[in-house]
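Novice: Shown below is the structure under consideration.
FYI, it's all coordinate maths here, none of it is from the lab. Computed from a predicted model, the values in this text were never measured in an experiment. Every residue, glycine as well, gets a Cβ built from its backbone with ideal geometry; the counts of neighbours run over all protein chains shown.
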Amino acid sequence: MKNNNCCSASSTTTVLACSGGSNVGQIANEAAKLLDTAGEAKFFCLAGVGGHISGMIASVEGCNKVLVLDGCPVACAKKAMDAANIKGYTHITVTNLGIEKVHDFKLSDEQINQVLSACRAEINGSSTLKENSNETKLVETSGDSGSCRGGGCCSCE
Amino acid sequence: MKKKLQILGTGCPKCMKLAELTEEAAKELGIEYEIEKVNDIKKIMEFGVMMTPALAVDGEVKVAGRVPNIEEIKKMLA
C-alpha cells in the first residue's frame with residue numbers, strides 16, 4: 001500500500017513519558033508503551049530531547065500532536081520539553097489523577113488504566129483536565145506528496 | 001568555512017524538494033557549502049530523526065518532517 005502522506009508530519013499523537021524512579025514515573029512509561037503497542041500513539045524518546053539531540057528535538061517539533069506524561073509535579077518531562085524550547089504540547093501529570101507517588105514498582109493495572117483513559121481523552125480531544133492548556137501546534141507541510149521507497153522514518157509501504 | 005548541508009530522506013519528492021530549496025537558499029546567501037543526500041535509513045536514524053525529510057547543517061538537525069519555505073531555510077543556514 002502506498003501512502004501519499006509520505007514524509008509529512010504524522011497525524012498520530014507522539015507521546016513522551018517521564019519514566020522516572022517511582023511508581024508514577026513507571027506508570028507514565030507503561031501507559032506510553034501501551035498506547036504505542038495499541039497503535040494509538042507513537043512513543044518517543046524523552047531522553048533524546050533532554051539530551052538535546054537535534055534530530056530528536058526537530059522530529060518532536062515536526063509532530064502534529066504531542067502528549068507529555070509526567071509522574072509527579074517535579075515535572076521533569078515538561079521541563080525537558082521547555083528547555084528544548086518545544087511548545088504546543090499537551091501535558092498530563094499522573095499524581096494529578098489522584099495517584100500517590102511512592103517508591104514501589106508493583107504497578108497497579110487499575111492505575112495504569114486510569115492514566116491510559118486520561119491519555120485517550122487527550123488524544124481524542126475530550127479531556128477535561130485543567131492542566132492541559134497548551135494549544136496543539138499544527139505543523140505546516142508543503143511540497144509534493146508521493147511515495148519514497150518505504151521503510152525507516154517514512155510511513156510508506 | 002564551508003557549511004556541510006545534509007538532506008536526510010529516502011528520495012521521495014519532498015526530500016528532493018528540500019534539497020532543491022536548500023541549494024537555492026545557499027546560493028542566494030552566497031555561502032560556501034557542500035551538500036550531501038543521506039538516504040541510508042540507518043544513517044538517518046543515527047541523527048535521531050523519526051520523520052523525513054530533514055535538513056542538517058554542520059551536523060545539527062534544523063528541521064524534520066516538513067519542507068520549510070526558502071526564507072526559513074535561509075535562517076537555518078545563516
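Novice: What are the residue pairs meeting all of these: first residue in the stretch A:102-117, first residue closer than 15 Å to A:Cys72 by Cα, second residue of a type in the set (Val, Ile, Thr) and in a loop (DSSP other than H, G, I, E, B), Cβ atoms under 6 Å, and 6 or more apart or on different chains?
Specialist: From the stretch A:102-117, the pairs are A:Gln111/A:Ile99.
Novice: While we're looking at this one, here's another question. Hey, among the residues in the stretch B:1-44 that are part of a loop (DSSP other than H, G, I, E, B) and within 11 Å of another protein chain (Cβ to nearest Cβ), which one's surrounded by the most Cβ atoms within 10 Å (Cβ to Cβ)?
Specialist: Applying the filter and picking the extreme gives B:Gly9.
Novice: Still on this model: Among the numbered conditions (1) out of contact with any helix residue (DSSP H, G or I) (no Cβ under 9 Å at 6 or more places or on another chain); (2) farther than 19 Å from A:Gly98 by Cβ, tell me where A:Leu35 comes up short.
Specialist: Of (1) out of contact with any helix residue (DSSP H, G or I) (no Cβ under 9 Å at 6 or more places or on another chain); (2) farther than 19 Å from A:Gly98 by Cβ, only one is false for A:Leu35: (1).
Novice: Please enumerate the residues belonging to the stretch B:53-76 that are more than 7 Å from chain A (Cβ to nearest Cβ) and within 16 Å of B:Val38 (Cα to Cα).
Specialist: Result: B:Leu55, B:Ala56, B:Val57, B:Asp58, B:Gly59.
Novice: Can you spot a residue in the stretch A:71-83 that is surrounded by 24 or more Cβ atoms within 10 Å (Cβ to Cβ), in contact (Cβ under 8 Å) with a residue 60 or more places away in the chain and touching a helix residue (DSSP H, G or I) at 6+ places or on another chain (Cβ under 7 Å)?
Specialist: Yes; the residues of the stretch A:71-83 include at least one that is surrounded by 24 or more Cβ atoms within 10 Å (Cβ to Cβ), in contact (Cβ under 8 Å) with a residue 60 or more places away in the chain and touching a helix residue (DSSP H, G or I) at 6+ places or on another chain (Cβ under 7 Å).
Novice: Do any strands (runs of 3 or more DSSP E) lying entirely in the stretch A:30-112 carry at least 2 residues that are more than 14 Å from chain B (Cβ to nearest Cβ) and either touching a strand residue (DSSP E or B) at 6+ places or on another chain (Cβ under 7 Å) or at positive phi (or both), and which ones are they?
Specialist: Here the list reads A:65-70, A:90-93.
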